[in-house]
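The structure under discussion appears below in the form of structure tokens.
The values are calculated or read from the model by the stated rules, or taken from the named source; none is laboratory data. Remember, it's a predicted structure, so these values are computed and weren't measured experimentally. Cβ placement follows ideal geometry from the backbone for every residue including glycine, while neighbour counts extend to all protein chains displayed. Accessible surface areas use protein heavy atoms only, side chains included; no ligands, DNA or RNA. Shrake-Rupley method; radii C 1.70, N 1.55, O 1.52, S 1.80 Å.
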Amino acid sequence: QVQLVESGGGLVQPGGSLRLSCVGSGSMFSIYAMGWYRQAPGKQRELVASITSGGSTSYADSVKGRFTISRDNARNTVYLQMNSLKAEDTARYYCNAKLVAINYWGQGTQVTVSS
């Protein structure tokens, strides 16, 4: 079992930045592929960024060049640095830990981009 707790969301103006954090429980955190997903009202949950256990990253086209995912296995933490935020980035952001067919989810943190 892995428990995930996200933090760092909030209200930010367009063009601003936020850094989301996700802390995982357990001693096996480093073997999981980690991802950040988001879900806006009335829309499906979508993958924003992911990072493998080896540190390889991938991003949705909509956030490439603006968001950066990273992980610190010593702290059992994965981060999502979000820069140049846009109104369309407004959503609830969820942390995901994946190992083969096993998925764990956090409760999410709300990000609202508005002036």
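Just a few scattered comments:
- Cross-chain or 6+ apart pairs with Cβ under 6 Å, the range 62-80 first and in contact (Cβ under 8 Å) with a residue 12 or more places away in the chain and over 19 Å from Val23 (Cβ atoms), then in a loop (DSSP other than H, G, I, E, B) and open to solvent by 50 Å² or more (accessible area, probe 1.4 Å): Arg66/Asn83; Arg66/Ser84
- Residues in the range 2-30 that are among the aliphatic types (A, V, I, L, M) and at pLDDT below 95 were compared, and the one that is least open to solvent (accessible area, probe 1.4 Å) is Val2.
- Filtered residues of the range 63-86 (kept if open to solvent by 60 Å² or more (accessible area, probe 1.4 Å) and part of a loop (DSSP other than H, G, I, E, B)): Lys64, Gly65, Ser84, Lys86
- A count restricted to the range 44-62 and to residues that are over 11 Å from the mean Cα position of the chain (by Cα) and among the β-branched types (Val, Ile, Thr) stands at 2.
- Those residues of the range 37-51 which are of a type outside the set (A, V, I, L, M, F, W, C) and open to solvent by 60 Å² or more (accessible area, probe 1.4 Å), in sequence order: Gln39, Pro41, Gly42, Lys43, Gln44, Arg45, Glu46
- Counting only residues that are closer than 20 Å to Leu85 by Cβ and out of contact with any strand residue (DSSP E or B) (no Cβ under 6 Å at 6 or more places or on another chain), the range 47-75 holds 5 of them.
- Of all residues in the range 87-115 being assigned to a loop (DSSP other than H, G, I, E, B) and open to solvent by less than 50 Å² (accessible area, probe 1.4 Å), the one that is nearest to Val5 (Cα to Cα): Gly106
- Scanning the range 1-16 for residues that are within 14 Å of the chain's Cα centre (by Cα) and in a loop (DSSP other than H, G, I, E, B) yields Gly8, Gly9.
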